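Student: Structure provided below as structure tokens; questions to follow.
The values are calculated or read from the model by the stated rules, or taken from the named source; none is laboratory data. This one's a predicted model, so the numbers in the text were calculated from it and none came from an experiment. Using ideal geometry, Cβ is built from the backbone for each residue, glycine included, and neighbour counts are taken over all protein chains shown.
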Amino acid sequence: MSDLDIDRLGRRAEAMLDELAAISEEPDRLTRRYLTPEHKRAAHLVAQWMAEAGMATQEDAVATVRGHYPMAGEAPGANAVPRLLIGSHIDTVINAGKYDGMLGVVCGILAVEHFRDAGRRFPFAIDVLAFGDEEGVRFPTVLSSSAAVAGAYEPRWLEGQDRDGVTLGQALADYGLDPAAIPTAAMSRDEALAYVEIHIEQGPVLEHQEAPLGVVTSIAGQFRTRVTVSGMAGHAGTVPMPLRQDALLAASEMMLMAESIAKAHPEAAMVATVGQIGVKPGAINVIPDRVEFVLDLRAASDAPRHAALESFTARAEALAAARGCAVAFETYHDCPTAACAPWLQDGLAASMESLGLAAPRLVSGAGHDGQAMARLTDFAMMFVRCKGGISHNPLEFATVADMGAAVAALIRFIEGFAPSRPKT
């Protein structure tokens, strides 16, 4: 058994998550989008916690909060210090739960705090990262904060607009940042020894197996494709049904078709979702002439995912033509399947087993910052059991005991981390 106070660690995590969850754009539910005033308040709170845990803090050019716990013998201001990266995100979906993303940041801070209290340092530094744009809710970007750290930021993202017409570049400037400085956020491969993230599972596997924690083997690949269907507006009472060019009906058939494509590929764990749709002109008595929706398509391997998108676009064009409509596609996010490094998986498993816990391995169907960080260094993820597998929902829940076990396992992982091992 562990000599760590798992209950105390879990209760500390719960209290910090409650404090973060109180920072919201809306009074009665948790919504915190990237680069909003609420995001800035949350970032400042996280930076305060990092400093209290013994870390030097800074905010990079894309608003990622970075806490740095120096390595043994590290000179002040030293450059290119080898470091273990631990992180997750502090932005949320609309009407969110309080664990998604934030738990990983809090666990990293509590682990560093443990070593600060014990007076321990390692032959590597520890950086805790609190990313701001993982969910991609405000702008048509996904994982842009972690992509900047990985040196893979795409300048075209700066032109993307939110629903109010504010570009990402303008939002960064309004936040107090300089978009021209984004390249300075990138780390070198010599600096980044590995990236590790703790996250609620967002699925039911661990609960079904009665396991508090699990080791992620890979993250499913993902497309986000904006689909625009154009028809002809007309009077709802005077245009006969056979003569209509109804963009909404055409779009509805496309969404059902996307569902059928995903259901046809259970071997790839494929899923298709439409969670955002806009209809114009949006009047009760007018036939819709323009519909925009975003297709979120994911699979456990990339070949069937690409084939599915090709099938969707071809069949959507046929459906549009049959109704006298046109359709256009813009795939603005294509994140390949990302495999977790076996040596890091083994390290996480050993840390769980040292606490007397099982270490089941499972695939992540949800996207995570590790997919972007994989461009920089090896990465791995630890999943934490969540009630009913519910996430992106106020009912999202993880127990104090499970969160405490996650912090304890992270502490054990750091103690056993061997940065000299070759990267895969």
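Student: Would you say A61 is surrounded by fewer than 21 Cβ atoms within 10 Å (Cβ to Cβ), in contact (Cβ under 8 Å) with a residue 40 or more places away in the chain and at positive phi?
Tutor: Spelling it out, it is not the case that A61 is surrounded by fewer than 21 Cβ atoms within 10 Å (Cβ to Cβ), in contact (Cβ under 8 Å) with a residue 40 or more places away in the chain and at positive phi.
Student: Then there's this: If you go through the stretch 74-92 one residue at a time, do you hit one that is closer than 17 Å to F115 by Cβ, touching a Phe, Trp or Tyr at 6+ places or on another chain (Cβ under 9 Å) and among the small types (G, A, S)?
Tutor: Yes, because at least one residue in the stretch 74-92 is closer than 17 Å to F115 by Cβ, touching a Phe, Trp or Tyr at 6+ places or on another chain (Cβ under 9 Å) and among the small types (G, A, S).
Student: Let me spell it out: the conditions are (1) part of a loop (DSSP other than H, G, I, E, B); (2) buried (at least 21 other Cβ atoms within 10 Å of the Cβ), and A372 meets all of them except one. Which number is the exception?
Tutor: All conditions pass for A372, except number (1).
Student: Going by the conditions given, is R156 out of contact with any Pro (no Cβ under 9 Å at 6 or more places or on another chain), farther than 22 Å from N95 by Cα and assigned to a loop (DSSP other than H, G, I, E, B)?
Tutor: no
Student: Now, a different point. Out of (1) of a type in the set (D, E, K, R); (2) under 20 Å from H333 (Cβ atoms); (3) at pLDDT 95 or above, what's the single condition that is false for R290?
Tutor: (2)
Student: Only one of these conditions is not met by G347: (1) under 25 Å from R224 (Cα atoms); (2) in a helix (DSSP H, G or I); (3) not hydrophobic (A, V, I, L, M, F, W, C). Which number is it?
Tutor: Tallying (1) under 25 Å from R224 (Cα atoms); (2) in a helix (DSSP H, G or I); (3) not hydrophobic (A, V, I, L, M, F, W, C), G347 fails exactly one: (1).
Student: Just to be sure, is L297 in a strand (DSSP E or B) and not assigned by TED's automatic domain parsing to the domain that holds E135?
Tutor: Against the criterion (in a strand (DSSP E or B) and not assigned by TED's automatic domain parsing to the domain that holds E135), L297 qualifies.
Student: Can you say whether L9 is outside any helix (DSSP H, G or I), more than 20 Å from the chain's Cα centre (by Cα) and touching a residue at least 24 places away in the same chain (Cβ under 8 Å), as far as the supplied structure shows?
Tutor: No.
Student: Looking at R412, R385, can you tell me which residue is in the same structural domain as E135 (by TED's automatic domain parsing) and closer than 22 Å to G101 by Cβ?
Tutor: Every option except R385 fails the conditions.
Student: Looking at V279 and the list (1) under 29 Å from E135 (Cα atoms); (2) surrounded by 20 or more Cβ atoms within 10 Å (Cβ to Cβ); (3) in contact with a helix residue (DSSP H, G or I) (Cβ under 8 Å, 6 or more places away or on another chain); (4) modelled with pLDDT of 95 or more, which single condition is not satisfied?
Tutor: In the conditions (1) under 29 Å from E135 (Cα atoms); (2) surrounded by 20 or more Cβ atoms within 10 Å (Cβ to Cβ); (3) in contact with a helix residue (DSSP H, G or I) (Cβ under 8 Å, 6 or more places away or on another chain); (4) modelled with pLDDT of 95 or more, V279 misses (2) alone.
Student: Counting only residues that are over 30 Å from A72 (Cβ atoms) and of a type in the set (G, A, S), which one in the stretch 113-154 is surrounded by the most Cβ atoms within 10 Å (Cβ to Cβ)?
Tutor: It comes out as G132.
Student: Related question: Determine which member of the set R138, R156, R189 is assigned by TED's automatic domain parsing to the domain that holds V93, in contact with a Ser or Thr (Cβ under 8 Å, 6 or more places away or on another chain) and within 23 Å of A374 (Cβ to Cβ).
Tutor: R189
Student: Do you know which residues across the stretch 153-177 are closer than 19 Å to A130 by Cβ and within 19 Å of the chain's Cα centre (by Cα)?
Tutor: The answer is Y153, L168.
Student: If you don't mind, there's one more thing I want to ask. Please verify whether the stretch 94-105 includes one or more residues that are hydroxyl-bearing (S, T, Y) and either farther than 20 Å from E396 by Cα or outside the structural domain of S188 (by TED's automatic domain parsing) (or both).
Tutor: No, because not a single residue in the stretch 94-105 is hydroxyl-bearing (S, T, Y) and either farther than 20 Å from E396 by Cα or outside the structural domain of S188 (by TED's automatic domain parsing) (or both).
Student: Before we move on, is I86 among the aliphatic types (A, V, I, L, M), buried (at least 24 other Cβ atoms within 10 Å of the Cβ), closer than 25 Å to G275 by Cα and under 19 Å from the mean Cα position of the chain (by Cα)?
Tutor: no
Residue-wise test of (1) hydroxyl-bearing (S, T, Y); (2) modelled with pLDDT of 95 or more.
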site	(1), (2)
P76	no, no
R83	no, yes
I90	no, yes
N95	no, yes
Y99	yes, yes
E113	no, yes
L129	no, yes
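Student: If I ask for residues that are assigned to a helix (DSSP H, G or I) and surrounded by 16 or more Cβ atoms within 10 Å (Cβ to Cβ), which ones from the stretch 208-252 would you list?
Tutor: Residues satisfying the conditions are A247, L248, L249, A250, A251, S252.
Student: Here are some residues: A15, A51. Which one is closer than 25 Å to D402 by Cα, not in a loop (DSSP other than H, G, I, E, B) and not hydroxyl-bearing (S, T, Y)?
Tutor: Sole residue among the options that is closer than 25 Å to D402 by Cα, not in a loop (DSSP other than H, G, I, E, B) and not hydroxyl-bearing (S, T, Y): A15.
Student: Now for a different question. Quick one: count up the residues across the stretch 346-361 that are over 18 Å from S88 (Cβ atoms), touching a strand residue (DSSP E or B) at 6+ places or on another chain (Cβ under 7 Å) and surrounded by 18 or more Cβ atoms within 10 Å (Cβ to Cβ).
Tutor: Within the stretch 346-361, residues that are over 18 Å from S88 (Cβ atoms), touching a strand residue (DSSP E or B) at 6+ places or on another chain (Cβ under 7 Å) and surrounded by 18 or more Cβ atoms within 10 Å (Cβ to Cβ) number 4.
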